[in-house]
Amino acid sequence: MPSPYRAIFAAPGTKGFSAAGLIGRLPISMVGVGILTMISEMTGRYAMASALTGTLALAAAVIGPQVSRLVDQYGQRRVLRPATVISVAAVAGLLLAAAYGLPDWTLFVFAAIAGCVPSVGSMIRARWTVIYQDSPRELHTAYSFESVVDEVCFIFGPIIAIGLSTTWFPEAGPLIAAICLMVGVWWLTAQRSTEPAPHPRDEHAERTSALRSPGLQVLTATFVATGAIFGSIDVSTLAFAEEQGHKAAASLILAIWALGSCIAGIVFGLLHLKGRTERRWVLGICAMAVSMIPLLLAGNLPFLAVALFVSGLAIAPTMITTMALIEAHVPRAMLTEGMTWISTGLAVGVAVGSSVTGLVIDAAGARSGFVVSISAGLAAAAVAFAGYRRLTRPAQGEERSGDGGHTDGADSGEERADHVA
């Protein structure tokens, strides 16, 4: 491991919560595809399977920020354990309902309840922020490491879930995912020394949300479009591989896409870039948008794999920069909620992007699905440019998590960039 990454684990407790976070985060990439595989294996109803996974994603998008808001207020241990129990119980109910052939509506009810699954990645990043809030370079490296872990989970999670459900028994994928979630969250919340202190709110104070931050609104809206990129590429790649007669190769090609992001994240964590973080973020969004264009030219699977690898190089650096901007625009007392809103935007975008892409592919063929990817990329870039001024304005109000507040004036954006560079 490069020395900057080794250095961040010198702080007590970091290895423990990182390991727990890996186990607890892996199910996020397993549950949806596990349910999809389970239903298709048991019934052959792909439309039903897709509808269930979409229900789960949208429920998580709605409930997730509320769970994280409670975490900010009451602490990780008090909130994550009951939320995890509810989510795991709902997944178990869904498996039993599918196994015993209960009415379809029961499956959707359980899928919706399972959406209260906590955003484990946000919980881990919140712990890193507390430890290195006064060490910007180490925090940058920690965020980079977390993005790499995200990509590792994205690579191996679906492969594990599909393998379990197809070679063991149909319910095995989501079942093992639920067990991993329970183990990871319990192990994480048992580590009290690194748990961020809760920020109780006056019961008479106005109830507010981190999303009231103009900067966070821009970031979240942009990541709705970014999520549509991800959802459209997943569906288009699967359909394109099937058209080429090698459907099983889709998982390998998507893993290559994630590998590109993983490598970029590792390298980006070693860099200490100067300049405004906002400009770097807009550049990353634009790079993702431009990298969609070659996908439309793909005539075979090797070309698509190379194009997706190049496209993946822009993902992790953009995600890392996004987390730095959240720090600058969200009060410390709402940091976990702020990070979860990004995941919410992605989840909504993935659900919309995959649905629209499916309709386009049915009407015009697999390659046309990448038109949705290009359109989503252009939309993300347009929102990023339109909201750029909001990101460069000094954050007002409560103390920020990144540097304890910002000074007024034109240099505030530059100062914020130097903190995270």
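The values are calculated or read from the model by the stated rules, or taken from the named source; none is laboratory data. From a predicted model like this one, the values you see are computed outputs, not experimental measurements. Note that each Cβ is placed from the backbone with ideal geometry, even for glycine, and that neighbours are counted across all protein chains shown. Calculation scope for accessible area: heavy atoms of the full protein, side chains included, ligands and nucleic acids excluded. Shrake-Rupley method; radii C 1.70, N 1.55, O 1.52, S 1.80 Å.
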Over segment 274-291, the set of residues in contact with a His (Cβ under 9 Å, 6 or more places away or on another chain) and assigned to a loop (DSSP other than H, G, I, E, B) is none
Checking Ala92, Ala61, Ala112, Ala126 in turn, the sole residue that is of a type in the set (A, V, I, L, M, F, W, C) and either outside any helix (DSSP H, G or I) or within 19 Å of Gly173 (Cβ to Cβ) (or both) turns out to be Ala92
Taking segment 292-323 and the residues there that are part of a loop (DSSP other than H, G, I, E, B) and out of contact with any helix residue (DSSP H, G or I) (no Cβ under 7 Å at 6 or more places or on another chain), the one that is modelled with the highest pLDDT would be Asn300
Would you check if there is a residue in segment 112-132 being more than 25 Å from Cys153 (Cβ to Cβ) and open to solvent by 10 Å² or more (accessible area, probe 1.4 Å)?
-> no
Could you please let me know if Ser213 is under 28 Å from Glu278 (Cβ atoms), polar (S, T, N, Q) and over 18 Å from the mean Cα position of the chain (by Cα)? yes
Checked Ser261, Ser232, Ser251 against criteria (touching a Ser or Thr at 6+ places or on another chain (Cβ under 7 Å), among the hydroxyl-bearing types (Ser, Thr, Tyr) and assigned to a helix (DSSP H, G or I)); the one match is Ser232
Scanning segment 359-384 for residues that are under 22 Å from the mean Cα position of the chain (by Cα) and either among the hydrophobic types (A, V, I, L, M, F, W, C) or more than 23 Å from Ala287 (Cβ to Cβ) (or both) gives Phe370, Val372, Ile374, Ala376, Leu378, Ala379, Ala380, Ala381, Ala382, Val383, Ala384
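In this structure, is Ala51 of a type outside the set (D, E, K, R), more than 18 Å from the chain's Cα centre (by Cα) and assigned to a loop (DSSP other than H, G, I, E, B)?
Numbers: of a type outside the set (D, E, K, R): yes; more than 18 Å from the chain's Cα centre (by Cα): yes; assigned to a loop (DSSP other than H, G, I, E, B): no.
So Ala51 fails the test.
Within segment 308-320, which residues are open to solvent by less than 10 Å² (accessible area, probe 1.4 Å) and not aliphatic (A, V, I, L, M)? Steps first, answer last, please.
Step one: of segment 308-320, the residues open to solvent by less than 10 Å² (accessible area, probe 1.4 Å) are 308, 311-312, 316, 318, 320.
Of everything in segment 308-320, those that are open to solvent by less than 10 Å² (accessible area, probe 1.4 Å) and not aliphatic (A, V, I, L, M) turn out to be Ser311, Gly312, Thr318.
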Assess whether Glu138 counts as being open to solvent by 40 Å² or more (accessible area, probe 1.4 Å) and more than 30 Å from Ser40 (Cα to Cα). yes
ask   = Does at least one position in segment 176-197 carry a residue that is closer than 26 Å to Gly312 by Cα and touching a Leu at 6+ places or on another chain (Cβ under 6 Å)?
value = no
Cβ pairs under 9 Å, 6+ apart or interchain, first in segment 353-364 and without any contact (Cβ under 8 Å) to a residue 12 or more places away in the chain, second of a type in the set (Asp, Glu), ordered by first then second residue, are none
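Rundown of residues vs (1) under 13 Å from Gly21 (Cα atoms); (2) touching a residue at least 40 places away in the same chain (Cβ under 8 Å); (3) in a helix (DSSP H, G or I); (4) open to solvent by 30 Å² or more (accessible area, probe 1.4 Å), yes/no style:
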residue: Val149; (1), (2), (3), (4): yes, yes, yes, no
residue: Phe154; (1), (2), (3), (4): no, yes, yes, yes
residue: Pro170; (1), (2), (3), (4): no, yes, no, yes
residue: Ala177; (1), (2), (3), (4): no, yes, yes, no
residue: Trp186; (1), (2), (3), (4): yes, yes, yes, yes
All conditions in (1) touching a residue at least 12 places away in the same chain (Cβ under 8 Å); (2) open to solvent by 50 Å² or more (accessible area, probe 1.4 Å) are true of Ser144 except (2)
Apart from one, (1) under 24 Å from Trp187 (Cβ atoms); (2) of a type outside the set (Gly, Ala, Ser); (3) more than 19 Å from the chain's Cα centre (by Cα); (4) crowded, with 18+ Cβ neighbours inside 10 Å all hold for Ile63; the odd one out is (3)
Counted residues in segment 225-246 being surrounded by 24 or more Cβ atoms within 10 Å (Cβ to Cβ) and under 21 Å from Val33 (Cβ atoms) come to 11
